[in-house]
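The structure under discussion appears below in the form of structure tokens.
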Amino acid sequence: MPQITIFIISDSSGETALTVAQTAVSQFPTVQASYQRFPFIQTDSILDGILNLAKKQRAMIFHTLVNAKLSQKVREFATANQLQQFDCIQPAMRVMQDATGLTPEGVPGLVHNLNDTYFDRIAAMEFAVTYDDGKDPTGLLKADIVILGVSRTSKTPLSLFLANRNLRVANLPLGPTTQLPEELWQVDPKRIFGLTNKPEALRKIRQERMISYGLPADSAYSDTKKISEELDYAQKIYKKIGCLVIDVSNKSIEETATLIMESVDYDLIPHTLTD
């Protein structure tokens, strides 16, 4: 299996360059990539040290540097040392400059300015953590979106992803032995989304979870028959509620989140805006 090292260099958090790199790597399933992130790089001296390290490791470089001089330094260094590099921001800035006739500010981190949207996102993230996994059922009544599902159907990462889109999300685990809170039946079904999966796929996920805890892979938790019973129970609950059901097998978190965002009735949550 081919192995590559990817350096993420940014004058901000590096999220954009990391996402671009991971998206590209995902199209090459036989490639095993390791990522090293170097955020908030704004001086020549620090950048020089990182570039020399990239040279030593023969790393591929993905970068988002709004400072044109620093970005050019990366490109020239990569060319001189036969390294692969990809500039994730300067070409886009040039297109904007050509289209508007304006000169870019060249100030790192402007996209993360502390505005109302930023604080709404932080509040949504805190909400998701507070009302994760049914810890407090009163959150179901306060949430923009309620996510239901049996164990290991990606409720928590999905909640956090949607929170990053300024949606307040509460999630609730389902199972034949769990007691459903009364608050669930007071939520508009249009704001509820039920997650399901294929029994065999869920079995593998649970086995991997057990192994990560240093426990035997095969247990009641990962038993296919028990998992099927849990999924059947969840389907009955979804039908009773009348909510949209999403099969998350072979879907990324991003794909599931997109389905939810396209399906939710935003008229029911007028205080929330997605970006």
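Taking all protein chains together and rolling a 1.4 Å probe, ASP232 ends up with roughly 90 Å² accessible. For segment 131-275, the calculated P(r) over all alpha carbon pairs, in 10 Å bins from 0 to the bin holding the longest distance, is 12, 42, 34, 11, 1 percent. Amide H contacts of ARG168: ASP144, ILE145, each under 5 Å away and 5 or more positions distant or on a separate chain (H built 1.01 Å from N in the peptide plane; Pro and chain starts excluded). Of THR256, THR16, THR103, the order by accessible heavy-atom surface (1.4 Å probe, DNA, RNA and ligands excluded), from most exposed downward, is THR103, THR16, THR256.
Just check segment 1-111 against the gyration tensor rule for me: Cα atoms, a ≥ b ≥ c as the square roots of the eigenvalues, rounded for a/c under 1.5, and otherwise prolate or oblate depending on whether a/b exceeds b/c. Display every interim value, and only then the final one.
Details: a/c = 1.94, a/b = 1.45, b/c = 1.34.
The shape class here is prolate.
Rounded to the nearest 500, what is the chain's calculated 222 nm mean residue ellipticity when only DSSP H runs of at least 4 contribute -39500 (n - 2.57) each, over all residues? Result for the chain, helices only: -13500 deg cm²/dmol.
The distance from the alpha carbon centre of segment 1-79 to that of segment 131-173 is 34 Å, rounded to a whole number.
Hey, which of these cross-link pairs are over 24 Å Cα-Cα: LYS155/LYS204; LYS142/LYS198; LYS204/LYS251; LYS142/LYS251; LYS155/LYS251?
Values: LYS155/LYS204 17 Å; LYS142/LYS198 31 Å; LYS204/LYS251 15 Å; LYS142/LYS251 28 Å; LYS155/LYS251 13 Å.
Pairs exceeding the cut-off: LYS142/LYS198; LYS142/LYS251.
Counting only protein heavy atoms and using a 1.4 Å probe, the accessible area of TYR221 comes to about 60 Å². Length available on full extension from ASP133 to LYS236: 0.36 nm per residue minus the Cα-Cα distance, which gives 35.1 nm. Accessible surface for segment 157-250, divided over its residues, is 53 Å² per residue with a 1.4 Å probe.
Compute the orientation-averaged projected area for segment 1-66 from the convex hull of its Cα atoms and round it to one decimal in nm².
Details: hull surface 16.7 nm².
One quarter of the hull surface, i.e. the mean projection, equals 4.2 nm².
How big is D, in µm² s⁻¹, for segment 141-199 by Stokes-Einstein at 20 °C and 1.002 mPa s if Rh is the Kirkwood radius over C-alpha pairs?
Working: Rh = 12.0 Å.
Estimated diffusion coefficient is 179 µm²/s.
Calculated over segment 210-252, the projected area of the Cα convex hull averaged across directions stands at 4.2 nm². If the Kirkwood radius is taken over C-alpha pairs of segment 72-184, then at 4 °C and 1.567 mPa s the Stokes-Einstein diffusion coefficient equals 73 µm²/s.
Of the accessible area of the chain, computed with a 1.4 Å probe over protein heavy atoms only, carbon and sulfur atoms account for 55 percent.
In the chain, a dipole from Cβ-located charges (positive for Lys and Arg, negative for Asp and Glu) runs towards its positive end, and of PHE193, THR177, TYR238 it is THR177 whose Cα lies farthest in that direction. Taking chymotrypsin sites (Phe, Trp or Tyr not before Pro) across segment 5-71, the ones in a DSSP loop with at most 15 further Cβ atoms lying within 10 angstrom of their Cβ are PHE40.
Rounded to the nearest 10 square angstrom, ARG203 shows an accessible area of 60 square angstrom against a 1.4 Å probe.
With both labels modelled 7 Å from their Cα along Cα-to-Cβ, the GLN186 to MET210 distance reads 3.9 nm.
Are there any trypsin sites (Lys or Arg not before Pro) in segment 1-69 that are in a DSSP loop and have at most 12 other Cβ atoms within 10 Å? List them by number.
Details: sites: ARG37, LYS55, LYS56, ARG58, LYS69; in loops: ARG58.
Within segment 1-69, the qualifying trypsin sites (Lys or Arg not before Pro) (loop, at most 12 other Cβ atoms within 10 Å) are ARG58.
Whole-Hz Karplus values for segment 100-108 come out as 9, x, 9, 9, x, 5, x, 9, x Hz, taken residue by residue from phi with 6.51 cos²θ - 1.76 cosθ + 1.60 and θ = phi - 60°; glycine and proline positions read x. Contact order, relative form, for segment 130-169: 40 percent (alpha carbon pairs under 8 Å, 6 or more residues apart, mean separation divided by residue count).
Of the residues LEU102, GLN42, GLN22, the one whose Cα sits farthest towards the positive end of the charge dipole of the chain is GLN22 (charges of +1 on Lys and Arg Cβ, -1 on Asp and Glu Cβ, taken about the Cα centre). Across segment 9-16, coupling constants 3J(HN,Hα) worked out from phi with the 6.51/-1.76/1.60 Karplus curve, θ = phi - 60°, read 10, 8, 8, 10, 6, x, 4, 5 Hz, and Gly and Pro carry x. In this structure the amide hydrogen of ARG37, modeled in the peptide plane, comes within under 5 Å of the amide hydrogens of ILE8, none closer than 5 places in sequence on its chain.
Give the ranking of MET1, MET125 by solvent-accessible surface, highest area first, calculated with a 1.4 Å probe.
Details: MET1 155, MET125 65 Å².
The residues order as MET1, MET125, largest area first.
Note that segment 145-157 has calculated 3J(HN,Hα) couplings of 9, 10, 10, 10, x, 6, 4, 6, 9, 6, 5, 5, x Hz, one per residue in order, obtained from phi through the Karplus relation 6.51 cos²θ - 1.76 cosθ + 1.60 (θ = phi - 60°); glycine and proline are x. Between GLN85 and ILE61, the built amide H atoms are under 5 Å apart, and every one of these is 5 or more places off in sequence or on another chain.
The values are calculated or read from the model by the stated rules, or taken from the named source; none is laboratory data. Computed from a predicted model, the values in this text were never measured in an experiment. Because the Cβ atoms are built from the backbone with ideal geometry, glycine has one as well, and the counts that use them run over all protein chains shown. Heads up: the accessible areas ignore ligands, DNA and RNA and are worked out on the full protein's heavy atoms, side chains in. Shrake-Rupley method; radii C 1.70, N 1.55, O 1.52, S 1.80 Å.
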